[in-house]
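Enquirer: The following block contains the structure, expressed as structure tokens.
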Amino acid sequence: MCQLFCNKLPGCYVYIIKHPGWPLAPGHDDLNVMASLCLLDEDGGTAGRWEISNEPLAVGRGEAADIVVADDSLSRRHFVVMREGGRCVIKDLNSANGTFVDGQPVRAAALRHSDCIRAGRTLFVFTEQDSGGGTRPAAIIP
């Protein structure tokens, strides 16, 4: 479950998520990582939550997206989150307004626990927790 607390990230208009086991627990197993994408409402509360499985999860305003959001500033298929090489990765789908992770524009990036994702006027938070309750570090994909 997504739990909010009241610190804000620079350049991101959203509360970040914290799990009880934060920070990283040593020796976590990639096979036991549960990852979720949380849609945030205007008050910073969780409006929706989707578990990221082995299938890519596309986000946009069009019917072809897996997660359809009523935001005219989103492209029909704006970005996709998928598992790749033991990590979850976000890829912008050549959207008109871009995809931002923690305030930085990205074409593709490995996600880490509590990353703030902005697409159009819509905010998401990525959460990741291993079976030990820990979180994992981030990396940018060139």
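Enquirer: In terms of solvent-accessible area of protein heavy atoms at a 1.4 angstrom probe, what is the ranking of Glu63, Glu84, Glu128, highest value first? Mind dumping the intermediate values first?
Expert: Numbers: Glu63 175, Glu84 80, Glu128 0 Å².
Accessible-area ranking of Glu63, Glu84, Glu128, largest first: Glu63, Glu84, Glu128.
Enquirer: For the stretch 110-115, in order, what is each residue's ³J(HN,Hα) by Karplus, 6.51 cos²θ - 1.76 cosθ + 1.60 with θ = phi - 60°, in whole Hz (x at glycine and Pro)?
Expert: Those phi angles translate into 6, 8, 10, 3, 6, 5 Hz.
Enquirer: Here is a follow-up. Could you compute how much accessible surface Ser53 exposes when probed at 1.4 Å, giving the result in Å² to the nearest 10?
Expert: 60
The values are calculated or read from the model by the stated rules, or taken from the named source; none is laboratory data. Computed from a predicted structure; not experimentally measured. With ligands, DNA and RNA removed, areas are computed over all heavy atoms of the protein, side chains included. Shrake-Rupley method; radii C 1.70, N 1.55, O 1.52, S 1.80 Å.
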